[in-house]
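What follows is a short report on a single structure.
The values are calculated or read from the model by the stated rules, or taken from the named source; none is laboratory data. These numbers come from a predicted model, not from an experiment. Using ideal geometry, Cβ is built from the backbone for each residue, glycine included, and neighbour counts are taken over all protein chains shown.
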Amino acid sequence: MINRKLHFSAWQFLLAFVFVLLNSLSVQGQEAATIDGEPAVPVEASSSGDAALGEALFKANCASCHKLYKKAVGPALFQVSQKYEREWLYKWIKNSAKLIASGDAQAVAIYNEYGQQNMNSFEQLSNLDIDNILAYTDTEKPVPTAAIAGSENVAVSGTVDMSMTNNIILGALAIVLLLLVVLLIVVNKTLKRFAEANGIQTEFDEEEGEQRTPIWKAFVQNQFLVLVSAIFLLLASAYFAYGALMSVGVDQGYAPVQPIHYSHRIHAGASQIDCNYCHSSARESKHSGIPSLNVCMNCHKSIGEVAESTYQEGMDEYGIDYNKEIQKLYAATGWDSEEQKFVGEEKPVRWVRIHNLPDLAYFNHAQHVTAGNIACQTCHGPVEEMEIMYQYSPLTMGWCINCHRETNVDLQGNGYYEKIHKELSEARGGRQLTIADLGGLECGKCHY
């Protein structure tokens, strides 16, 4: 008897092996097409100064107002040492106001061009420090793919040839795979004809003898099994129906796509921006509020592009181009990064709400944040780790009640509850009070 199952398993193993080989070559080709994930941009070091030391000085003193390749509050500084004399740059960087007051033509021209805004004085910098900064500004840096020459898909040197080679290899392997499939089909048919010609049995005959009782019929005839199965089905149906009904209106895990991507991981986590800086109304209002885009522009007037490492991390791990999202912010506010002013028409951003309680439930952020000193993470989870914001807690009535039963009231220096807490605590033997002790379980506290 021919083992047909073994024959087909060998066929499937061969197909899987060829598929893995194709995928491996494709991945290797993609990795070879780039250099550490960066476009190949030539790097030329300046003849004087230490560019590495200059980078640290640039970021500490200059980066808030200047960029290398784009105009910001001040002019772009790439190769600025080739535009002005070195001695003049020493004087300008150390005390630009003094140089303008002296009537220097270049200094006055720059002062007038940039709206007569005075540049900070950096008299603490030595000439060597300035040489290091200029060495850094004279050095070309790898530029993220999305920011090169206004193109979103720029070919890297050597990528075209490598891509063509990969296509040829993949095409040849695809042809080989097709030939193998055809060959296996032909061999299978040939073996089947050979077996039939020689009277070799290739399939199991149906069982002979007396007919057995069908399984379904035997099951129906057994009343105990029928009863147990019916009870099990009823209980299972009730369980799943109860779970489905209890999940109505519960959006735990809800993470909608926003019109402009905002990374809490970067802002609240890496940059350690206080939640109340953006959601300032949470301290004194019922609602936490959606921050206006002007709050975003407080920082993003100067931050038009994220750091190279942050950009690459966003592309590799999350598939998000942070620089494009910043451009969406500029488009919504009408900000012109070249002219450094608002020139366009403002456009509303249709944010998608994530946390939403029923209208019949009353919740006051100020009462929890200010009076109760409750951390934002208690309800919203570890927002400093969330790349995409989602609803962390179920926000159900039972979840709120359990919190009121278990949360102790902070009595120290809390003028909001000072008198009532003191009297109530003394009446209850001086023990720690919970929200439930203050009427936190009364229906009227949360429902109108």
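Among the residues of segment 86-108, those that are surrounded by 16 or more Cβ atoms within 10 Å (Cβ to Cβ) and small (Gly, Ala, Ser) comprise Ser96, Ala107. Which residue, of Asp321, Asp336, Asp359, is surrounded by 14 or more Cβ atoms within 10 Å (Cβ to Cβ) and of a type in the set (D, E, K, R)? Only one candidate passes the filter, namely Asp321. Of all positions in segment 127-142, at least one carries a residue that is part of a helix (DSSP H, G or I), exposed (fewer than 15 other Cβ atoms within 10 Å of the Cβ), modelled with pLDDT of 85 or more and hydrophobic (A, V, I, L, M, F, W, C).
The set of residues from segment 100-119 being free of Cβ contacts under 8 Å to residues at least 24 places away in the same chain and assigned to a loop (DSSP other than H, G, I, E, B) comprises Ser102, Gly103, Asp104, Gly115, Gln116, Asn118. Does Glu406 meet the test of being in contact (Cβ under 8 Å) with a residue 12 or more places away in the chain, loosely packed, with under 14 Cβ neighbours inside 10 Å and touching a Lys or Arg at 6+ places or on another chain (Cβ under 9 Å)? Here the answer is no, as Glu406 does not meet what is asked.
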